[in-house]
Structure formats: C-alpha cells, structure tokens
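Everything below concerns the one structure shown next.
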Amino acid sequence: RLGRRAEEMSLKAYVVGGFVRDLLLGKENQDLDIVIEGDALAFIKSWETDGCKVAVHERYKTGTIVFPGDKKVDVATARREFYEYPVALPKVAGDSLKHDLYRRDFTVNSMAISINRTSWGTLIDYFGGRRDLQSRQLRVLHNLSFVEDPTRVLRGLRLKQRLGFEFEDNTFRLIKSAVKGGLLGLLSGTRVKNELKLIFMEEKVYPIVLEMVRLNIFEALFSGIKVDRNCIRIVRRLSFFLRRLRYDLPDIEEDVWLAFLAAVIFSSADWVQHATLDKLHLSKSNREIVEKALDDLGTAENAIGGKGMRSYEEIYLFLRDAPYVTALFWAAATQQWRVRRRILLYLTRLHRVNPILMGRDLVELGYPKGPLIGKILEELLLARLRGEVETREDEIKWVKS
Ligand code: CTP
C-alpha cells in the first residue's frame, strides 16, 4: 500500500536501514523505516484520510504513520547534503537516496529496497552492504563516521554482539582512535543514556560490557569511573539471572537496564557515582532505584542474611519495600549466597503470593467495606507465607477465627 501510494503521488519510496539488514539476514524486525525521494510530508499527511494517525516534524521533513492496529512506520525525506546535479539517465534510485544512505553508520545499514510498483523489491546497495553482511563485518562508510556521530561507537558494539559480526580492521582502528581522542566524552548525557539503555536491554549484555571495558569505553564516557572485576562479576550474574529466570521474574523489562547501570558504577567513588547519575539525567524514580541499589546493599544483607533461618514472611516484608530491579541487583551484587538465594526466592515466588479470598468475599462474609478489609487481606497474605493457610476454606476459617 505504501508503494502504491508513492507511485500515485509520483514519489520514489524505499525501505531502508535496519529493516533491510534484518530482512537479508532472515531476522524479524518490526521497525519499518521508509525514505522518500520528494515530499515526504505530503506523503505522510495523505494517510490521514485513511484512518491512520500521523505526526510530522515540518522542520526535518520526517514523520510517523500509525496504521490501524498500531503498526508504526517512520518516514523521512531523503536528505541531500551535497550539491545536486542533474540525473542524466533515469535510474531506479535518484542521487538524493544515495546521499541519504551515505550518511549512515555501517554499510550493512546503508542498503535500501525500492517499494514502488514498477521497481518493487530492487535492492539498492551502493556501499557494499551485502558483501559485508555475507562476510559478517561492520564497516563504516567513511573515516569521519565516528567523528560525525560518536554514538556510533556504542551502536557498533551493540550491533556486533547482536549479529555476531566483527569490526572490519579500519573500522576497529577508527573506534579505538575515537575513544582515545575523547570523542565519547563530548556526547550529551541524554544521548549516552539512550545508547546505554539499548545496550543494557540487549539479550546478551555481558559480552558487550566486557568489550566496552577492554576498549576503555566507560572511562571515555564518565571521568573517574572504575569498572573493576567486581562490577563485571555483577554484570555476569545479572545476565545469568535474566537468562535463566526470565519467565519466573516479575515484569521488569523496562527497568532492567538500571541494574546494569548500578553494576558498572558499583566500585567507583561516591562522587563519581553521583556525577555519572547527574550526567545521565535519570528520572527521579530511576535515580532512586539505582541509588537504593548501591546504598542499601549492606542493609539488605543484614536484614535477610546470616546463617540462621529466615522465614518467608521476614524475607517478603523486607524486600517488598524495594523495587524489583533493586532487589535483583542485590542478588547479583552480594557475596553471601544465602542472601542471593533468599532474594531469588522472593523474586521468583514469594512476590506473587496472594490470598485466594478477595475484598468482595470478605464483604460477603459480613465485614464492612473500608480499611479493615485491606488489613485482613494483608494478615491473610502473611498467614499464607507462614504456611498457616492453603485452601480457600482454610482462609475462611482463618478469617473467622
Ligand atoms: N543511524 C546512523 N547513525 C546513528 C543512528 C542511526 O547512521 N547514530 C542510521 C542507521 O543506518 C540505522 C538507521 O539510522 O539503520 C535507523 O536507526 P535505528 O532505527 O536506531 O537503527 P536500526 O538499525 O533500524 O535498529 P537497531 O540497530 O536498533 O536494530
């Protein structure tokens, strides 16, 4: 439909970037990026009458079309940054597309596929992206790529791990010199945060962090930071827990990156930890999660550690006041296996414990609506943790007594 519409409007339209890369690799990718040669704004707005939601940035000539069913497509105008020259022969792709693709990070991301009806499916590959996909290499398009945008160093490390690729030699050399030359230190905190978040939400975080440590990336991003063996051990444990326990853990997808962030700053001096969090402009609640993780590890160890038995109730009552991600961090950071085991027990099982009876059951049993019901349910939950009730009948008996 997108291609047909482009055709009707005499525009050339292409799918570009990560989608094309993943398509050629046979991987799923839900992020459709379209580039239009011509007026992308008119193209985007034309969908408004088809029951789609659209949003445009007039200034950048980009925008988004959200189709019914929430399928989102980003649309951009091919950017020409060099002077334009007349196209002598009719081609599938005009020069503005070539210029647009040349501005991208790696050759494997610089391919396009035409979606116009007459040339539907034609792969446009000016810079050897397909060859590099085949030899599994990440290669920049030109030597100033990381100078233009130093976040590409972080994107590169993430992509390399995700795709199982290697950096082409010259690209790797450019990464090292970008790091040495202090380019990463010039990035705004918000951009660094966005890239770190993407890294820490990847499926395999540990190898990326290892490589970042080897390349001194953290030092280049945050002055004074010390990512030592302890930090790396915590990152490895976090990765392990997430992989092994993913389906048993509470839903923490959105926040999990904060545990990794806490892990990498764990061994740094207080002032470095604060300066790092300041730089990243975390939201108040995110910052609290990280600070509690770092500041209260000892408290947690005292509260639920030790050789003596700890009841489920005790473990539950202490940990329920901490965000799940904070507790997960403690489980990875503690040196005490008992503490680790107890936290994991909480995160995989205890946190889900609830009474079978609900508020309205208690009303039916004759209790007045109001705070008393909440109190009874709370006591019932603790009774369940103590193993005093099992069935619904047990609960009713327990309440009546
Ligand atoms: N891009 C770039 N430089 C950046 C960020 C993005 O050149 N600093 C280009 C890349 O060509 C990329 C495209 O913009 O393919 C779209 O960016 P994004 O959606 O972030 O990347 P994808 O490759 O689509 O997605 P991901 O890497 O998350 O799989």
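Of note:
- Those residues of region 175-188 which are away from the ligand (no atom under 14 Å from the Cβ) and crowded, with 17+ Cβ neighbours inside 10 Å, in sequence order: VAL179
- The residue that is nearest to the ligand (Cβ to nearest atom), counting only those in region 102-126 that are among the small types (Gly, Ala, Ser) and within 11 Å of VAL35 (Cβ to Cβ), is ALA112.
- Only one entry of VAL73, VAL87 meets the criterion of being outside any helix (DSSP H, G or I), at pLDDT 85 or above and over 18 Å from GLU8 (Cα atoms), and that entry is VAL73.
- For GLY63, the conditions (1) over 22 Å from ARG117 (Cα atoms); (2) more than 16 Å from the ligand (Cβ to nearest atom); (3) open to solvent by less than 20 Å² (accessible area, probe 1.4 Å); (4) not basic (Lys, Arg) are fulfilled apart from (2).
- The set of residues in region 4-54 being on the phi > 0 side of the Ramachandran plot and within 16 Å of the ligand (Cβ to nearest atom) consists of GLY17, GLY26.
- Top-ranked residue in region 279-300 [being on the phi < 0 side of the Ramachandran plot and touching a Lys or Arg at 6+ places or on another chain (Cβ under 9 Å); ranked as least open to solvent (accessible area, probe 1.4 Å)]: LEU280
Conditions tested, residue by residue: (1) within 30 Å of VAL290 (Cα to Cα); (2) touching a strand residue (DSSP E or B) at 6+ places or on another chain (Cβ under 8 Å); (3) part of a helix (DSSP H, G or I).
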{"site": "ALA331", "(1), (2), (3)": "yes, no, yes"}
{"site": "TYR346", "(1), (2), (3)": "yes, no, yes"}
{"site": "ASN354", "(1), (2), (3)": "yes, no, no"}
{"site": "ASP361", "(1), (2), (3)": "no, no, yes"}
{"site": "LYS369", "(1), (2), (3)": "no, no, no"}
{"site": "LEU372", "(1), (2), (3)": "no, no, yes"}
{"site": "GLU378", "(1), (2), (3)": "yes, no, yes"}
{"site": "GLU388", "(1), (2), (3)": "no, no, no"}
{"site": "GLU393", "(1), (2), (3)": "no, no, yes"}
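- In region 191-245, residue least open to solvent (accessible area, probe 1.4 Å) [restricted to those that are assigned to a helix (DSSP H, G or I) and hydroxyl-bearing (Ser, Thr, Tyr)]: SER239
- Where a residue in region 145-169 is open to solvent by 30 Å² or more (accessible area, probe 1.4 Å) and its partner, wherever it lies, is within 10 Å of the ligand (Cβ to nearest atom), with Cβ under 7 Å and at least six apart: ARG155/ASP105; ARG155/GLU195; GLN161/GLU202; ARG162/GLU202
The values are calculated or read from the model by the stated rules, or taken from the named source; none is laboratory data. Everything numeric here is computed off the predicted structure, so don't read it as measured data. Using ideal geometry, Cβ is built from the backbone for each residue, glycine included, and neighbour counts are taken over all protein chains shown. Only protein heavy atoms, including side chains, enter the accessible area calculation; ligands, DNA and RNA are left aside. Shrake-Rupley method; radii C 1.70, N 1.55, O 1.52, S 1.80 Å.
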